[in-house]
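Here the structure comes first, spelled out in structure tokens, and everything after it is commentary.
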Amino acid sequence: MRMDRRKFLTSYGGALALSAKLLPGEHHVVSVNPLEVESNLASLEGRYTALEDFYVRNHHETPRQSAPPLLRVEGVVAKPLRLTSANLTHLKRLQLNAVLECAGNAVTPTGLVSNGMWDGWSLGEVLELAHPSGAAAFVHLFGRDGYARSVPIDRMRGGAMLVTKLGGRQLQPGHGAPWRAFFPGWYGMDSVKWLERIVVSPTPLANNENEYVEMRPATPVGVARRPLPRVQVKSVIISPIDRSLVRGGSVEVRGLAWSGDGNISKVEYSSDGGTIWHDADLSPGKSHDEWVLWRGPLELSHLGPADLVCRATDTQGHTQPERRDTERLDGYGQNWYHRVQVVVV
């Protein structure tokens with residue numbers, strides 16, 4: 001089911017504890033329970049997504065907070081822990097500006113991706129308080145909603161955060177309050193919300209082998225699976241919008257670009273479907289983990305349909321592909337060229 005988010009909040013009495021008048025952006029509610037809300041990047045004001053506009057992708061029903069928040073750290077550790085926020089005040093707080101993108105986000109400006117200002121503690125430092133043993137290879141993350149993921153322990157030590165604030169404000173229920181995991185540069189399925197338990201283990205969770213993976217045909221039969229990589233390099237056009245009328249002459253094209261594996265080094269755009277490319281002007285943020293704003297001029301002198309297209313390249317040499325790999329059997333990591341059709345009048 002798809003409906004406008006403002007209508008949803010009005011008819012359902014504000015499921016996110018927000019007033020419709022507080023929502024400057026346009027949204028689409030894809031699912032009510034579990035809640036899934038897309039954000040329209042074309043309505044972005046500035047560089048960062050307002051908390052009210054941040055996308056939501058839940059796997060189960062939003063849990064209610066019935067007791068003081070407690071985080072347990074256990075498994076193959078020398079010192080199992082039961083932590084409250086008061087137990088973490090001696091740790092240095094971190095602030096990071098970074099993109100969060102759902103693994104199934106489509107190539108469109110209306111989707112499951114946002115750019116936020118994250119605030120919290122290092123998950124790696126929290127983990128070390130429990131003194132993991134030499135057998136530790138994976139960390140299982142359990143949310144209060146029943147959702148669980150496991151990640152390699154090295155990823156926990158590589159910049160992961162235990163987040164308590166987003167956009168300079170305390171986390172809201174729809175975003176995992178009182179705290180959630182966050183793995184900058186990696187797809188959102190690992191950033192478990194409503195985190196209540198961390199289990200250190202020599203092995204991954206069994207269900208991780210079949211959920212959120214790349215799938216390709218195997219030889220001679222069957223399906224080969226492997227974990228998803230870091231967030232793939234991607235760019236989208238946010239202006240002009242798809243299927244719009246534009247006045248002939250000089251037109252400015254604007255968009256966003258991001259990658260989980262390096263800074264954005266170049267964005268190119270075209271008005272003829274990708275035959276002739278132009279280099280965009282880039283406006284990077286404070287961190288390579290957040291998106292780049294880009295823009296550039298076009299002369300649209302021919303009346304009628306025009307096929308605008310963009311592609312980005314990061315400093316690791318990754319460039320958006322023209323189309324989807326035809327051998328992929330899954331729907332994750334979508335990052336081919338973004339195309340927008342307009343009519344010049």
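The values are calculated or read from the model by the stated rules, or taken from the named source; none is laboratory data. Treat the numbers as computed from the prediction; the structure is a model and nothing was measured. Cβ placement follows ideal geometry from the backbone for every residue including glycine, while neighbour counts extend to all protein chains displayed. Protein only, heavy atoms only, side chains kept; ligands, DNA and RNA dropped before computing areas. Shrake-Rupley method; radii C 1.70, N 1.55, O 1.52, S 1.80 Å.
Relative to the present Cα-Cα distance, how much length would full extension add between residue 277 and residue 295 at 0.36 nm per residue of separation?
Between residue 277 and residue 295, full extension yields 5.2 nm more.
Assign one of three labels to region 203-340, namely rounded, prolate or oblate, based on the Cα gyration tensor with a ≥ b ≥ c the square roots of its eigenvalues; rounded applies when a/c is under 1.5, prolate when it is not and a/b is larger than b/c, and oblate otherwise.
It is prolate, given that a/c is not under 1.5 and a/b is the larger ratio.
Lys/Arg Cβ at +1, Asp/Glu Cβ at -1, dipole of the chain taken about the Cα centre: which of 223, 319, 208 is farthest positive-ward?
208
Counting heavy atoms of the protein chains only and a 1.4 Å probe, report the per residue accessible area for the chain as a whole number of Å².
46 Å²
May I ask for the distance between the Cα centers of region 195-271 and region 49-84, given as a whole number of Å?
Computed from Cα coordinates, the inter-centre distance equals 25 Å.
Per residue and in cubic angstrom, what volume does the convex hull of the Cα atoms of region 150-226 have?
Considering the Cα atoms of region 150-226, their hull volume per residue is 124 Å³.
Largest first and to the nearest Å, give the Cα extent of region 81-159 along each principal axis.
If we take the Cα atoms of region 81-159, the spans are 44, 27, 25 Å.
Return the inverse of the average 1/r over all pairs of distinct C-alpha atoms in the chain, which is the Kirkwood hydrodynamic radius, in Å to one decimal.
It works out to 21.4 Å.
Would you mind estimating how fast region 49-115 diffuses translationally, via Stokes-Einstein at 4 °C and 1.567 mPa s with the Kirkwood radius over Cα pairs, in µm²/s?
It comes out at roughly 82 µm²/s.
In Å, what Rg and Dmax follow from the Cα atoms of region 181-244?
For region 181-244, the Cα-based Rg and Dmax read 17.3, 54 Å.
List the GluC sites (Glu not before Pro) within region 21-102 that fall in a DSSP loop (any state other than H, G, I, E or B) and whose Cβ has at most 12 other Cβ atoms within 10 Å.
For GluC sites (Glu not before Pro) across region 21-102 that sit outside H, G, I, E and B with at most 12 neighbouring Cβ atoms in 10 Å, the list reads 45, 61.
Restricting to the chain, compute how many DSSP beta bridges are antiparallel as a %, nearest 5.
Antiparallel bridges make up about 90 percent of those DSSP assigns within the chain.
Please identify the trypsin sites (Lys or Arg not before Pro) of region 76-177 that satisfy two criteria: DSSP loop assignment and at most 13 other Cβ atoms within 10 Å. Which are they?
92
Only Lys, Arg, Asp and Glu count, each charged at its Cβ (+1, +1, -1, -1), so figure out the dipole size of region 31-151 about its Cα centre, rounded to 20 debye.
Roughly 520 debye, rounded to the nearest 20.
When the accessible area of the chain is split by element with a 1.4 Å probe, what percent falls to carbon and sulfur?
51 percent
Quick one: net charge around residue 328, please, counting Lys, Arg +1 and Asp, Glu -1 for every other residue with C-beta under 9 Å from its C-beta.
My count for the surroundings of residue 328 gives -2.
With each label point set 7 Å from Cα along the Cα-Cβ vector, what nm distance links residue 74 and residue 133?
The two pseudo-label positions are separated by 1.5 nm.
To the nearest 500 deg cm²/dmol, what mean residue ellipticity at 222 nm is calculated for the chain from DSSP H runs of n ≥ 4 alone, each contributing -39,500 (n - 2.57), summed and divided by the residues?
Theoretical 222 nm ellipticity from helices: -1000 deg cm²/dmol.
What is the dipole size for the chain, taken about its Cα centre, with +1 at each Lys and Arg Cβ and -1 at each Asp and Glu Cβ, in debye to the nearest 20?
With only Lys, Arg, Asp and Glu charged at Cβ, the dipole is about 880 debye.
Once you put a point 7 Å from the Cα of residue 218 and another 7 Å from the Cα of residue 92, both along the Cβ direction, what distance in nm separates them?
4.5 nm
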